[in-house]
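Report on the structure given below.
The values are calculated or read from the model by the stated rules, or taken from the named source; none is laboratory data. Predicted model, so just to flag it, every value in this text is computed and none were measured. All Cβ positions, glycine included, derive from the backbone under ideal geometry; neighbour counts span all protein chains shown.
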Amino acid sequence: MRYFFECGSFFDFSQAELCAVFESFNLSKDSIHKVSNTILLVESNSITPSLMDEIFKRLGGFIRYGEVIDNLDSFLNPFFEKKKITYGISILGENTLTIKDIQRLANEIKRGFRSSKIGVRFILPKTRELNAAQIYNNKVLENGFELCIFQSNSANMYGKTLGIQDIYSFVKRDTQRPEADFEMGVLPQKLARIMCNLTGLREGIIWDPFCGSGTILMEAAVLGFDILGTDIDLIALDSLSKNIQWLSKENIITDTKYNIFQLDINNVERKVLKDLKRTSINAIVCEPYMGPPQKKILTEYKANELIVDITKLYKNFFNVVNQMSSRGFKVVLILPSYKTKKGWIDINISQFIDKKWNVLNRSYTKGDLKWKRINSIIARNIFILEKR
Ligand SMILES: C[S@@+](CC[C@H](N)C(=O)[O-])C[C@H]1O[C@@H](n2cnc3c(N)ncnc32)[C@H](O)[C@@H]1O
């Protein structure tokens, strides 16, 4: 069986996420192949359709997935048993095909169904691919199919969509959660989901020592992890607590165990360190403090000043992590880069970690895991670390 996965806006994040999630299910990531800048193919006879569905539902960095179709005619045959069909056609990624080509193919398919007296409804994509709202609102997957066309080695391949990212639940957590600190900065929720998945784990305890209002820990809880949230700021902890209670009230999570307390990572008492060691935390996933929000491009002086401050915090953070972690412990964290008039200034991860830590980024993807939009002033560099 061959599956295609359509990646979100950041290909390397999607690729790394899928590899890590495969690992969390003890599946080899060697079955994942890049066929274009948007599509990953998975070839496997051992992954059942229901397992693939479970995997897809955990992901944050993908738009849709489906099965590769080898023969269009035999793909369409079962639909001739139906009385009514709703279907759509999408072109995924770079392709010379246009909306007109979609329309032509759609009409051909329509004629076939109509001549067999089957009622048909074709949903035309607004751009080149149907969006999630079009798929959900028209019940395309329930009442028919979405046919996808994408390129591999400059030949067209076809696929039948099996799942679309559940954007409504992401949007609900983003816009309806009771608390968010936009002043301090809230992590994009899909990035929070991806970061939890980059641990390569499916269960256990995730600690965010800079939890803020809890974007990462909310996603961790939804994925089924138990969570520990600490922060220097009491208001942030109160927000986290309200957000987790809301997830529970909305039945988005059911039996998540959570613990929340105030902790200044620059000043961790021995007793607390002992407790942290005793709590069997499996991974840290965090976006540490990256300085005050910035509205315009920084001067080099200002960026370097920020970096000095932040370097101190990261050093203290790793000092704690080194003491409380043991072999196999995972850390997925963000290091900021700052945009200055003279270009981007990065912080080098190697100054914080010694030989006890493996950086796993390159085992998942060739590119950097740099989350940055066109107008970003601060970019987020993600590192996946494992203790030897
Ligand atoms: C960028 S925010 C995290 C935002 C969070 N990821 C979210 O989406 O809600 C960084 C957090 O680090 C916390 N912080 C700053 N200095 C700290 C310290 N010394 N110890 C612990 N937390 C600290 C801040 O209070 C803030 O909540």
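Can you go through THR199, THR230 and tell me which one is of a type in the set (S, T, N, Q) and part of a strand (DSSP E or B)?
Matching residue, one of THR199, THR230: THR230.
Among (1) in contact with a Gly (Cβ under 9 Å, 6 or more places away or on another chain); (2) within 13 Å of the ligand (Cβ to nearest atom), where does GLU203 come up short?
In the conditions (1) in contact with a Gly (Cβ under 9 Å, 6 or more places away or on another chain); (2) within 13 Å of the ligand (Cβ to nearest atom), GLU203 misses (2) alone.
Quick check on the range 309-351: of everything there that is away from the ligand (no atom under 14 Å from the Cβ) and without any contact (Cβ under 8 Å) to a residue 40 or more places away in the chain, which residue is nearest to LEU198 (Cα to Cα)?
Going through the qualifying residues, I end up with ILE349.
State which residue pairs qualify: first residue in a loop (DSSP other than H, G, I, E, B) and inside the range 22-50, second residue of a type in the set (S, T, N, Q) in any location, beta carbons under 6 Å apart, and separation of 6 or more residues or different chains.
VAL35/SER152; SER36/GLN151; SER44/SER31
Do we find a residue being closer than 17 Å to ILE334 by Cα, surrounded by fewer than 17 Cβ atoms within 10 Å (Cβ to Cβ) and within 15 Å of the ligand (Cβ to nearest atom) anywhere in the range 225-237?
no
Failed condition for MET290, given (1) away from the ligand (no atom under 13 Å from the Cβ); (2) buried (at least 18 other Cβ atoms within 10 Å of the Cβ), with all others met?
All conditions are met except number (1).
Can you confirm whether the range 293-306 contains a residue that is closer than 26 Å to ALA20 by Cβ and in the same structural domain as ASN361 (by TED's automatic domain parsing)? So that I can check it myself, show each step before the final result.
The initial filter retains those residues of the range 293-306 that are closer than 26 Å to ALA20 by Cβ, namely none.
Looking for residues that are closer than 26 Å to ALA20 by Cβ and in the same structural domain as ASN361 (by TED's automatic domain parsing), one finds none in the range 293-306, hence no.
Quick one: in the range 246-262, which of the residues that are part of a helix (DSSP H, G or I) and more than 16 Å from the ligand (Cβ to nearest atom) is farthest from TRP207 (Cα to Cα)?
Of the range 246-262, the ones part of a helix (DSSP H, G or I) are 246-249.
Applying the additional criterion that residues be more than 16 Å from the ligand (Cβ to nearest atom) yields 248-249.
Numbers: SER248: 19, LYS249: 22 Å.
The qualifying residue farthest from TRP207 (Cα to Cα) is LYS249.
Take the residues of the range 263-286 that are part of a helix (DSSP H, G or I) and without any contact (Cβ under 8 Å) to a residue 40 or more places away in the chain: which is nearest to the ligand (Cβ to nearest atom)?
VAL272
When residues of the range 80-121 are filtered for being outside any helix (DSSP H, G or I) and within 31 Å of the chain's Cα centre (by Cα), how many remain?
Qualifying residue count, the range 80-121: 13.
Return the only residue of LEU263, LEU276, LEU335 being under 18 Å from GLU386 (Cβ atoms), at pLDDT 95 or above and buried (at least 18 other Cβ atoms within 10 Å of the Cβ).
Values: LEU263 fails: under 18 Å from GLU386 (Cβ atoms); LEU276 fails: under 18 Å from GLU386 (Cβ atoms).
Step by step, each of LEU263, LEU276, LEU335 is checked, and only LEU335 is under 18 Å from GLU386 (Cβ atoms), at pLDDT 95 or above and buried (at least 18 other Cβ atoms within 10 Å of the Cβ).
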